[in-house]
Amino acid sequence: MRNHSLALTLLAALTLAALALRWRGLDFGLPLQLEDDCKIPHQVEMLRAGDDAWRNDKEFRWYPLLVADVARLWPAPEAAPMEAALDVHLEAAAQATLQVRRTVALLAVLSIPLTYVLATLFLARRWALIAAAFIAFSLPRRWPGPWASWPRASP
């Protein structure tokens with residue numbers, strides 16, 4: 001029983017550390033510098049609208065809708081008042097993309113405990129933790145985590 005508790009504690013620590021690494025810098029470049037193919041915030045906006053306008057939109061089906069559907073669960077960003085300062089307007093403009101980046105980071109972090117669970121079906125707990133650590137800290141999985149439009153960042 002002690003080994004199982006230790007493994008779960010280490011897995012929780014590993015997951016939280018990976019979340020902290022991914023969460024840091026999610027707002028980098030916003031709202032002035034977006035990804036070249038930043039389509040998912042547009043998908044979220046179309047899904048939130050709730051009408052059939054997406055049927056005629058060329059940009060809507062650019063990526064699968066998993067990330068957009070999950071990002072839609074965040075509260076809709078509110079526009080800044082007209083008389084607000086420039087930094088308030090910039091922060092409001094960044095919210096849609098920031099919500100998508102947070103969603104991608106959370107989905108990427110969710111893959112860590114899922115990897116552990118899958119690995120324990122075939123391997124000892126120690127090796128399952130190592131597999132989860134590879135997912136948590138491998139550069140290709142961590143580096144694009146903040147970018148909302150990169151499908152390889154989402155599991």
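Where a number appears in this text, it was derived from the coordinates with a stated rule and is not lab data. No experiment lies behind these values; they were computed from the predicted model shown. Heads up, the Cβs are rebuilt from the backbone with ideal geometry, glycines too, and the neighbour counts pull from every protein chain shown.
Observations on the model:
- Summary of packing: across the peptides 17-25, 90-98, 73-81, 51-59, the per-residue average of other C-beta atoms within 10 Å ranks them, highest first, as 90-98, 17-25, 73-81, 51-59.
- If you take the Cα centroid of the stretch 29-69 and the Cα centroid of the stretch 115-138, the two points sit 34 Å apart.
- Read-out volume of the Cα convex hull per residue in Å³, derived from the coordinates shown; its label in (i) 117; (ii) 138; (iii) 101: (ii)
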